[in-house]
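The values are calculated or read from the model by the stated rules, or taken from the named source; none is laboratory data. These numbers were taken from a predicted model, which means no experiment stands behind them. Using ideal geometry, Cβ is built from the backbone for each residue, glycine included, and neighbour counts are taken over all protein chains shown.
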C-alpha cells in the first residue's frame, strides 16, 4: 500500500494592532526566537526536535508511515500588522508549493490564529480559504493554532480540524501538532467529523490566562474528559491586542454527530460563564512592586513587566519599572531583556570592564517614554547566540544580536540588566546565563514577559507578581482604544462588567 503524502507548511504571526513596527518580509526571513524562513527539506531538518507544532506533526506523521512533503515554515516576532507585501509573498510561496508538490492526500498547516494584516482582519481565515480554493472542498486540511488564537467562523469552515495548544506557557506546541496526525488519518479513511463552534462572550487579559491557575485547571480538563467519549474539543483563550470582532476566547468541538459536537461546545462555554468571576486580572502598581522588593524572601521574587512583552508585540524597551526600581533603591535586581541596539553597540565599543554613559531604553519613539540616562559598567559582552535550556524552547537557539550585560553605577540601587540588538521575550534563564548572569544569585528578577517566563523562572522564585508598567501591550483592557471588539471585558470583583461598542469592519 502506497504511503499517504501530506503537504506541510507554517506561517505564523501574532499581531498587536496597537504595536509600533510592522512585520515585513525581512522580519519573517530573519531568525529570532525561532529559525528564519525555511524552504523544502530545511523545514524538517532545522525544526527537528524543537517544541514547535510542525516538528511535532512531522515526527508523528513519519512514525505513522505517512510521507511529509515540506513546503515552507516561517514566523516573525509579534508586532503590529503584517504588511500586505509579506502576506502575499509568503502565501504565494505556500500555495505554489502545494500546487507543485505532485500527488498529495492532505495538507497540514502550522498557524497562529491571531494574524492581522494591513488589509485583512482575519489572516488565518484567508490563508485557509486560499488553501481550500487550491485543493478543493473534499480534501483533508488540518491545522494547529496557538492558545491565543482568535478563531473565526471562516477558519472553522475551511479547516477540517483545528488543534489548539492547551498550556500557557506553551509547553505542548509539538504535542499539538502531533495531535493532528490521528485526526488526519480518520479523515483520510473517510470518517465524518461534524463541527461545532462557539464564542465565549468576554475577553481575558493574557496575564490572567496562565493555565496553571484557576479556572483553567478545570476548563482544560474538559478536552481530556471528552476524549473518553470520542469527542475532540479545542479551546482558545484569544489575543486581546488584535482589534476585530472575533477577538476573544472560543471553542471548537468535533464528533461523529452534530449533536455531540454542539453539546460539547455548549458545555465548555457554560463552564467559562460559570467561572468568569474566578479570573485573577490583578497587577501590582509600580509603587507596590518597589515595596515587594523591600520585603524578605527566601528565593528571588519575579516581577513581570507584562505590558512590555516582545512576545506580544511590545517594544521591549520601556523604562517605567527600571526607573521605579532605581528611585526605590532596589537591591540585587536583575532585568531583561531590553531591546536597545544602540546601547549594546556602545557597550561593545567600550569593552568589558569599561564604564560607559548610556541612555537605556525608550528608543522606539513611544509618546511619554524616556530613556534612563546613567553610568553603567560593562560586565560582559556576547554575540547573542543563546541556546535555550528551559522546558518551553529547550533545544532551540535564540538570535539576540550584539548583547551586553550592564551594571548600574553611581546609584543606591543595585541593578544589572541585559541589552540586546534583536527584540526577544525574556522567557528562559538562558537569556541571562548565556552572558554570565545567574538569576538565582539575585533578590529580584524583572522579566519583560507576560506568562511564558513562568515555566523556567517560577521553579526558582519565592513569588511571582505581574506589574502594571507602561507599554504597548496593555493588560488593563479598559485602557485599550478598541474600535471593533464585540465582547465585554472580564468581571473583576465588584466592578460592573463593561461593554465596548462593537463596530464591524
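Any chance region 358-368 includes a residue that's under 27 Å from residue 460 (Cα atoms), at pLDDT 95 or above, in contact with a helix residue (DSSP H, G or I) (Cβ under 7 Å, 6 or more places away or on another chain) and surrounded by 18 or more Cβ atoms within 10 Å (Cβ to Cβ)?
no
On the basis of being crowded, with 17+ Cβ neighbours inside 10 Å, more than 25 Å from residue 33 (Cβ to Cβ) and out of contact with any helix residue (DSSP H, G or I) (no Cβ under 7 Å at 6 or more places or on another chain), does residue 323 make the cut? Show your work before the answer.
Details: crowded, with 17+ Cβ neighbours inside 10 Å: yes; more than 25 Å from residue 33 (Cβ to Cβ): yes; out of contact with any helix residue (DSSP H, G or I) (no Cβ under 7 Å at 6 or more places or on another chain): yes.
Spelling it out, residue 323 is indeed crowded, with 17+ Cβ neighbours inside 10 Å, more than 25 Å from residue 33 (Cβ to Cβ) and out of contact with any helix residue (DSSP H, G or I) (no Cβ under 7 Å at 6 or more places or on another chain).
One line per residue, one yes/no per condition, for (1) in contact with a strand residue (DSSP E or B) (Cβ under 8 Å, 6 or more places away or on another chain); (2) over 21 Å from residue 362 (Cα atoms); (3) at pLDDT below 95:
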site: 402; (1), (2), (3): yes, no, no
site: 406; (1), (2), (3): yes, no, no
site: 418; (1), (2), (3): yes, no, no
site: 424; (1), (2), (3): yes, no, no
site: 430; (1), (2), (3): yes, yes, no
site: 438; (1), (2), (3): no, yes, no
site: 452; (1), (2), (3): no, yes, no
site: 457; (1), (2), (3): yes, yes, no
site: 465; (1), (2), (3): yes, yes, no
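On the basis of being at pLDDT below 95, under 20 Å from residue 363 (Cβ atoms) and not assigned by TED's automatic domain parsing to the domain that holds residue 17, does residue 481 make the cut?
Taking the combined requirement at face value, the residue does not satisfy it.
Limited to region 43-66, what total is found for residues that are touching a residue at least 24 places away in the same chain (Cβ under 8 Å) and out of contact with any strand residue (DSSP E or B) (no Cβ under 6 Å at 6 or more places or on another chain)?
Final tally of qualifying residues: 11.
For region 188-218, enumerate the residues that are in a helix (DSSP H, G or I) and either touching a strand residue (DSSP E or B) at 6+ places or on another chain (Cβ under 6 Å) or buried (at least 21 other Cβ atoms within 10 Å of the Cβ) (or both).
At the first step, the residues of region 188-218 found to be in a helix (DSSP H, G or I) are 188, 206-208, 216-218.
206, 207, 208, 216 - these are the residues of region 188-218 that are in a helix (DSSP H, G or I) and either touching a strand residue (DSSP E or B) at 6+ places or on another chain (Cβ under 6 Å) or buried (at least 21 other Cβ atoms within 10 Å of the Cβ) (or both).
Just to be sure before I move on: is residue 245 surrounded by 12 or more Cβ atoms within 10 Å (Cβ to Cβ), closer than 20 Å to residue 199 by Cβ and at pLDDT below 95 in the structure I sent? So that I can check it myself, show each step before the final result.
Values: surrounded by 12 or more Cβ atoms within 10 Å (Cβ to Cβ): yes; closer than 20 Å to residue 199 by Cβ: yes; at pLDDT below 95: yes.
Yes, satisfied.
I need the full set of residues from region 113-122 which are crowded, with 18+ Cβ neighbours inside 10 Å and in contact with a helix residue (DSSP H, G or I) (Cβ under 7 Å, 6 or more places away or on another chain), in order please.
Listed by number, the residues that qualify are 113, 115, 116, 117, 120, 122.
Surrounded by fewer than 19 Cβ atoms within 10 Å (Cβ to Cβ) and modelled with pLDDT under 95, is that true of residue 410?
Yes.
Looking at (1) part of a strand (DSSP E or B); (2) closer than 19 Å to residue 90 by Cα, which is the only condition residue 34 fails?
All conditions are met except number (1).
Is there any pair linking a residue in region 177-192 that is on the phi < 0 side of the Ramachandran plot and at pLDDT below 95 to one that is surrounded by 12 or more Cβ atoms within 10 Å (Cβ to Cβ) and in a loop (DSSP other than H, G, I, E, B), with Cβ under 7 Å and at least six apart or on different chains, and which?
Pairs that qualify, where the first residue is on the phi < 0 side of the Ramachandran plot and at pLDDT below 95 and the partner is surrounded by 12 or more Cβ atoms within 10 Å (Cβ to Cβ) and in a loop (DSSP other than H, G, I, E, B), are 192/256.
For region 343-357, enumerate the residues that are surrounded by fewer than 24 Cβ atoms within 10 Å (Cβ to Cβ) and in contact with a strand residue (DSSP E or B) (Cβ under 8 Å, 6 or more places away or on another chain). First the steps, then the outcome.
Step one: filter region 343-357 for residues surrounded by fewer than 24 Cβ atoms within 10 Å (Cβ to Cβ), giving 345-346, 348-357.
Within region 343-357, 346, 348, 350, 351, 352, 353, 354, 355, 356, 357 meet the criteria.
Can you tell me which residue is nearest to the chain's Cα centre (by Cα) among those in region 416-455 that are part of a helix (DSSP H, G or I) and buried (at least 24 other Cβ atoms within 10 Å of the Cβ)? Don't jump to the end; show me each part of the working.
Taking region 416-455 and keeping what is part of a helix (DSSP H, G or I), we get 430-433, 439-441, 454-455.
Now narrow it down to the ones that are buried (at least 24 other Cβ atoms within 10 Å of the Cβ): 431-432.
Working: 431: 17, 432: 20 Å.
Taking the candidates together, the pick is 431.
Just one of (1) touching a helix residue (DSSP H, G or I) at 6+ places or on another chain (Cβ under 8 Å); (2) under 19 Å from residue 447 (Cα atoms); (3) not in a loop (DSSP other than H, G, I, E, B) trips up residue 331, so point out which.
(3)
Which residues, counting only those in region 406-415, are in a strand (DSSP E or B) and either more than 13 Å from residue 374 (Cβ to Cβ) or touching a helix residue (DSSP H, G or I) at 6+ places or on another chain (Cβ under 9 Å) (or both)? Let's see the steps before the verdict.
We begin by selecting, within region 406-415, every residue in a strand (DSSP E or B); these are 406-409, 415.
Selection gives 406, 408, 415.
Among (1) in contact with a helix residue (DSSP H, G or I) (Cβ under 6 Å, 6 or more places away or on another chain); (2) surrounded by fewer than 22 Cβ atoms within 10 Å (Cβ to Cβ), which single condition is residue 57 missing?
(2)
Would you confirm whether or not region 67-77 contains a residue that is surrounded by fewer than 18 Cβ atoms within 10 Å (Cβ to Cβ), in the same structural domain as residue 181 (by TED's automatic domain parsing) and either without any contact (Cβ under 8 Å) to a residue 40 or more places away in the chain or closer than 28 Å to residue 119 by Cβ (or both)?
no
What single numbered condition from (1) touching a strand residue (DSSP E or B) at 6+ places or on another chain (Cβ under 7 Å); (2) at pLDDT 95 or above fails to hold for residue 487?
(2)
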